[in-house]
Each structure stands twice: as C-alpha cells, then as structure tokens.
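In what follows, a single structure is set out as structure tokens and then discussed.
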Amino acid sequence: MTIEMQNDREDSALLLAVMEAAVDAIIVADNTGCMLRVNSAACELFRYKSEELIGQSVNMLMPQALAERHDGFMAHHIETDEKRIIGIGRDVEGLRSDGSIFPLHLSVGNTELQGQQLFVGILHDLTERRASQDALARSQRLDAIGKLSGGIAHDFNNLLTVVIGNLELLEMRGVDERQAAL
C-alpha cells in the first residue's frame, strides 16, 4: 500500500469519526442535491434511518415551499458562484419524517472532490431556543401588563383617596337642614 493510499484511508476514517462525533446534523450532498452521506445526528434530527436518506434529494427534508425553490437556488449558485447561504448560514425550517416542521440553523460549505462539486450542510435544531425566546417574550408581556395594571390601580387608589377624604370632611361638618331633608 502506498503512502498516498494510507493517507486517504486515514483521512476517510477521520472524516467519519468527526461526522459521528458531531452533535449537529451533517449532510454531504452532490451538486444535484442528492445526499451522499449523513451522520447519526441528521438521522435523529429528521427521524429517518440513514438508508432512507442516502441517495435521496435534500428536498425531502424541507417544507414544500422551500423544496420547490431549492433546486433553483443550487443552480444559481453553481452558475454564478454567488453565495447567498454558503459560508454565511441562515435560519430555515426543516421537515421531519412525521411531517412536522421545525426551526433550524443551516450552514453550508462546498468543495470539489475528484472533479465533483460537493456541499456540506451542518444543521442545528433551534426548537429549544425558539421555545425559550417565546417563553421570555410571554414573560415580558405579562410583566408589562402587571406594571400597567399596578399603575392603573395606583391612579384609581389616588382618586378614591380624594373621594374618601371629601366624604370624611363632610361627615365632620355634620348634616345641615338641606341634607337632612333628603
């Protein structure tokens, strides 16, 4: 075995180890969007077995509206080399095998290997982060409502104090003839 073949095997083993160690989903696809490799985190995230993903289009992991436009995005990038997501990343939605849609962050890189253009997608599930953000926003709204209610109650209490004070003054003054007739 040549040194070059040994290095290729080591590189391949290292790549597989890195993919499997990653907690985020990693998908390697060709320039047509056909998935060539997926890690176990991708299978878990999208709830598929690896054999159900390998050889399939990445479009199956996207809501229909995005899937319909994805091939055009890829073709545009290949033709123009314009980077709308590659090296930048973007929050998008994913589609699980059960049909549920969930938020995720997608980072994409590309390379050429043996004359073939490959794309590597790293996907991070944002479900928990979004739930935390929603809970925080709800809490802030409730806090604002509480402060507003407290302010209104305070103002109302001030008005009642004036009314009660005037009633006490009237009571101290006693009843005159006109009031007694009522």
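The values are calculated or read from the model by the stated rules, or taken from the named source; none is laboratory data. Please read all numbers here as calculations on a predicted model, not as lab measurements. Cβ: placed from backbone, ideal geometry, glycine included. Neighbour counts: every protein chain shown. Accessible surface areas use protein heavy atoms only, side chains included; no ligands, DNA or RNA. Shrake-Rupley method; radii C 1.70, N 1.55, O 1.52, S 1.80 Å.
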In the set 107, 100, 132, 139, the lone residue that is over 15 Å from the mean Cα position of the chain (by Cα) and among the hydroxyl-bearing types (Ser, Thr, Tyr) is 139
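Every residue, every condition in (1) in a strand (DSSP E or B); (2) of a type outside the set (S, T, N, Q), yes or no:
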{"site": "69", "(1), (2)": "no, yes"}
{"site": "73", "(1), (2)": "no, yes"}
{"site": "76", "(1), (2)": "no, yes"}
{"site": "99", "(1), (2)": "no, yes"}
{"site": "102", "(1), (2)": "yes, yes"}
{"site": "118", "(1), (2)": "yes, yes"}
{"site": "150", "(1), (2)": "no, yes"}
{"site": "161", "(1), (2)": "no, no"}
State all residues of region 48-67 that are part of a helix (DSSP H, G or I) and within 21 Å of the chain's Cα centre (by Cα); if no residue qualifies, say none. 58, 59, 60, 61, 64, 65, 66, 67
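Criterion first (within 22 Å of the chain's Cα centre (by Cα), open to solvent by less than 50 Å² (accessible area, probe 1.4 Å) and either under 16 Å from residue 123 (Cα atoms) or touching a residue at least 40 places away in the same chain (Cβ under 8 Å) (or both)) does residue 45 satisfy it?
On the way: within 22 Å of the chain's Cα centre (by Cα): yes; open to solvent by less than 50 Å² (accessible area, probe 1.4 Å): yes; either under 16 Å from residue 123 (Cα atoms) or touching a residue at least 40 places away in the same chain (Cβ under 8 Å) (or both): yes.
Answer is yes for this residue.
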Please tell me if residue 51 is exposed (fewer than 12 other Cβ atoms within 10 Å of the Cβ), under 21 Å from residue 102 (Cβ atoms) and either at pLDDT 95 or above or not aromatic (Phe, Trp, Tyr) (or both). no
Quick one: is residue 163 out of contact with any helix residue (DSSP H, G or I) (no Cβ under 7 Å at 6 or more places or on another chain), open to solvent by less than 90 Å² (accessible area, probe 1.4 Å) and modelled with pLDDT of 85 or more? no
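So which of 21, 25 is in contact with a Phe, Trp or Tyr (Cβ under 8 Å, 6 or more places away or on another chain) and of a type in the set (Gly, Ala, Ser)? First the steps, then the outcome.
On the way: 21 fails: in contact with a Phe, Trp or Tyr (Cβ under 8 Å, 6 or more places away or on another chain).
Matching residue, one of 21, 25: 25.
Would you call residue 119 out of contact with any His (no Cβ under 7 Å at 6 or more places or on another chain), in contact (Cβ under 8 Å) with a residue 60 or more places away in the chain and aromatic (Phe, Trp, Tyr)? Explain how you work it out, then say what you get.
Numbers: out of contact with any His (no Cβ under 7 Å at 6 or more places or on another chain): yes; in contact (Cβ under 8 Å) with a residue 60 or more places away in the chain: yes; aromatic (Phe, Trp, Tyr): yes.
It is true that residue 119 is out of contact with any His (no Cβ under 7 Å at 6 or more places or on another chain), in contact (Cβ under 8 Å) with a residue 60 or more places away in the chain and aromatic (Phe, Trp, Tyr).
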Every residue from region 79-90 that is β-branched (Val, Ile, Thr) and either surrounded by 12 or more Cβ atoms within 10 Å (Cβ to Cβ) or under 21 Å from residue 48 (Cα atoms) (or both): 85, 86
State whether one or more residues within region 121-133 are over 22 Å from residue 44 (Cα atoms), part of a helix (DSSP H, G or I) and modelled with pLDDT under 85. yes
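Table: residues versus (1) under 20 Å from residue 59 (Cβ atoms); (2) open to solvent by less than 70 Å² (accessible area, probe 1.4 Å).
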| position | (1), (2) |
| --- | --- |
| 92 | yes, yes |
| 104 | yes, yes |
| 109 | yes, yes |
| 118 | yes, yes |
| 137 | no, yes |
| 141 | no, no |
| 151 | no, yes |
| 157 | no, no |
Top-ranked residue in region 124-135 [being out of contact with any His (no Cβ under 7 Å at 6 or more places or on another chain) and of a type in the set (A, V, I, L, M, F, W, C); ranked as nearest to residue 63 (Cα to Cα)]: 131
